[in-house]
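The values are calculated or read from the model by the stated rules, or taken from the named source; none is laboratory data. None of these values were measured; they are calculated from a predicted model. No Cβ is skipped: glycine too gets one built from the backbone with ideal geometry, and neighbour counts run over all protein chains shown. Accessible surface areas use protein heavy atoms only, side chains included; no ligands, DNA or RNA. Shrake-Rupley method; radii C 1.70, N 1.55, O 1.52, S 1.80 Å.
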Protein chains: 2
Amino acid sequence: MASPSILPYAPVAAPRERPALDGAALGALFTDARTHAAWLPRPVEPALLQRAYELARMGPTGGNASPLRIAFVVSPEAKARLLPGVMEGNLEKVRTAPVTAVLAWDRTFWEKLPQLFPARPEMRDRLAGLPPPVQERLGHQSAYLGAGYFILAARALGLDCGPLGGFDPATVDAAFFPDGAWGSLLLCNIGYGDPAQLHPRLPRLAFSEACRIE
Amino acid sequence: MASPSILPYAPVAAPRERPALDGAALGALFTDARTHAAWLPRPVEPALLQRAYELARMGPTGGNASPLRIAFVVSPEAKARLLPGVMEGNLEKVRTAPVTAVLAWDRTFWEKLPQLFPARPEMRDRLAGLPPPVQERLGHQSAYLGAGYFILAARALGLDCGPLGGFDPATVDAAFFPDGAWGSLLLCNIGYGDPAQLHPRLPRLAFSEACRIE
């Protein structure tokens with residue numbers, strides 16, 4: 001009964017098998033997770049914020065340049081500094097969130113390249129010499145990729161997120177990055193969302209509307 | 001022995017508990033996953049590409065505008081059209097990958113807003129009336145967020161990714177999006193990576209270098 005198969009067409013063992021995540025994990029990351037705007041009165045452990053960053057930083061970025069920076073706004077004093085930069089429709093969401101992450105990019109991210117890609121020390125100089133709009137484009141693109149990783153990393157740790165673009169970057173930068181070193185890109189409320197206050201989920205595009213296989 | 005705790009400071013049950021993903025899942029998404037450049041000779045099921053998109057599309061985007069579009073380059077004919085736009089150092093990676101996804105944005109993504117956010121039909125007109133650089137900034141930011149979700153969704157399904165920015169968008173757009181409707185942002189090789197051909201992992205920034213808690 002336990003003899004090995006001798007069928008000539010028995011499937012060959014795949015060279016490397018990594019199973020898909022199970023439905024609960026896919027649900028927590030994608031299909032059940034929701035953007036939250038109302039928060040349960042439950043604080044977020046600072047260690048979880050660090051853990052979320054330490055997961056998100058492992059995702060790929062252009063040349064490993066890792067330009068995403070994060071200011072986690074937690075204290076009432078810091079929240080008070082953030083609110084004047086938030087658009088009116090988002091004020092209550094931000095005010096009540098246990099944490100609001102200011103997702104930002106490092107305006108001179110190439111200075112870290114000797115540390116992040118030691119085998120190619122010439123990359124720092126190459127990036128430093130690019131025109132500022134190209135530097136900004138490269139920094140933004142990898143920082144937004146990193147923001148995507150961060151949102152899913154937070155969800156993977158059991159947290160809920162409420163990212164929002166409705167804020168004034170200049171006001172937020174003046175309040176949190178007065179030396180100009182970092183530039184804010186996105187806010188992301190973090191906490192434990194109140195499922196009772198969710199609206200019905202908005203639709204998404206079908207595969208055939210957004211993708212092609214060529 | 002099984003009597004309930006009567007300690008006055010026993011922890012109150014949290015109102016909603018969703019456990020963190022286990023170590024294997026976090027490894028598959030973040031800590032064990034690697035950017036691959038060499039591929040095992042094993043094809044990718046088209047159904048997996050669709051499934052990866054259908055997970056990634058659930059992630060949050062600005063106003064649910066969902067501007068990410070994807071052309072999956074699979075056939076030898078399509079791969080031959082892609083290669084002239086790829087930088088020399090990336091040619092072999094792209095040539096040998098079972099699939100190369102051209103991650104793009106929809107240059108008139110606001111036209112889908114009546115479908116994607118039916119409760120706010122005015123959003124289409126508001127976005128349509130913005131200056132083109134602002135439209136592009138909004139489209140890029142949510143498309144890159146979506147690209148981050150897509151890379152992790154593919155990993156969640158057991159696939160490996162090799163995203164790369166070293167290509168000429170104008171050449172790729174002319175080959176794949178000649179009507180100008182979509183604009184390429186990033187290439188992402190997809191398949192089953194050969195672990196024997198990985199280099200040692202590059203470092204990342206410490207929490208204290210990239211983050212602050214305020």
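Which residues does a label at A:A174 reach in the range A:51-81, if reach means a backbone N under 19 Å from a point 7 Å past the Cα toward the Cβ?
A:78-81
Under a 5 Å amide H to amide H cut-off, with H placed in plane at 1.01 Å, what residues pair with A:R69 once short-range neighbours are removed?
A:A104, A:W105, A:D106
For chains A and B, what's the summed buried accessible area, probe 1.4 Å, to the nearest 100 square angstrom? Display every interim value, and only then the final one.
Values: alone 13370 and 13390 Å², together 19370 Å².
So the buried area, both faces added, is about 7400 Å².
Sketch the reach of a paramagnetic label on B:E209 as a point 7 Å from Cα along Cα-to-Cβ, and name the residues of the range A:81-117 whose backbone nitrogen lies under 18 Å away.
Counting only backbone N, you get A:104-117.
Volume per residue, Å³, of the convex hull around the alpha-carbon atoms of the protein assembly as shown?
Numbers: hull volume 81.6 nm³, N = 428.
Once divided by residue count, the hull of the protein assembly as shown is 191 Å³.
Among the complete DSSP H segments of chain B, which ones combine at least 18 Å of alpha-carbon extent along their axis with a mean Kyte-Doolittle hydropathy of 0.0 or more? Spell out each step's value before the answer.
On the way: long enough: B:132-156 (35 Å, 0.06).
Within chain B the helices that satisfy the rule are B:132-156.
Taking the axis that carries chain B onto chain A, what is the nearest Cβ in chain B, and at how many Å, to the whole number?
B:G148, 1
Please give the calculated 222 nm ellipticity per residue for the protein assembly as shown, where each DSSP H segment of at least 4 residues contributes -39500 (n - 2.57) and the sum is spread over every residue; nearest 500 deg cm²/dmol?
Details: 18 runs with 152 residues, N = 428.
Rounded to the nearest 500, the figure is -10000 deg cm²/dmol.
So, taking all protein chains as they sit and a 1.4 Å probe, how much accessible area belongs to B:S75, in Å² rounded to tens?
Its heavy atoms expose roughly 40 Å² to the probe.
Over the protein assembly as shown, what percent of the accessible surface lies on carbon and sulfur atoms, probe 1.4 Å? Intermediate results must be reported in sequence, preceding the final value.
Details: 11710 of 19370 Å².
That share works out to 60 percent.
Compute the relative contact order of chain B as a whole-number percentage, counting only Cα pairs closer than 8 Å that sit 6 or more residues apart in sequence.
Details: 277 pairs, mean separation 67.1, N = 214.
Over chain B, the number comes to 31 percent.
Which of A:P169, A:P67, A:P19 moves most in a GNM of chain A, Cα contacts under 10 Å?
Between A:P169, A:P67, A:P19, it is A:P19 that shows the largest mean-square fluctuation.
Which distances, shortest first and in nm, link A:P43 to the matching position in the other copies, using label points set 7 Å out along Cα to C-beta?
5.6
Using a label point 7 angstrom from Cα along Cα-to-C-beta, what distances in nm, from shortest up, separate B:A80 from the other copies?
For B:A80, the other copies' label points sit at 6.9 nm, shortest first.
Calculate the translational D of the range A:113-214 in whole µm² s⁻¹ from Stokes-Einstein, where the hydrodynamic radius comes from the Kirkwood formula applied to all Cα pairs, the temperature is 10 °C and the viscosity 1.306 mPa s. The partial results should precede the final answer.
Details: Rh = 17.4 Å.
Translational D for this selection: 91 µm²/s.
Can you list, shortest first and in nm, the gaps between the label point of B:E209 and those of its counterparts in the other copies, using a point 7 Å from Cα in the C-beta direction?
Distances between equivalent label points, in nm: 4.3.
Across the protein assembly as shown, how many lysine pairs, 8 or more positions apart or on different chains, have C-alpha atoms separated by under 28 Å? Please give the number.
Numbers: A:K79/A:K93; A:K93/B:K112; A:K112/B:K93; B:K79/B:K93.
The number of close lysine pairs in the protein assembly as shown is 4.
Would you tell me the accessible area of B:F207, worked out with a 1.4 angstrom probe on the heavy atoms of the protein chains, in Å² to the nearest 10?
30 Å²
At 1.4 Å probe size, what's the solvent-accessible area of B:D32? Round to the nearest 10 Å².
Accessible surface of B:D32 is approximately 110 Å².
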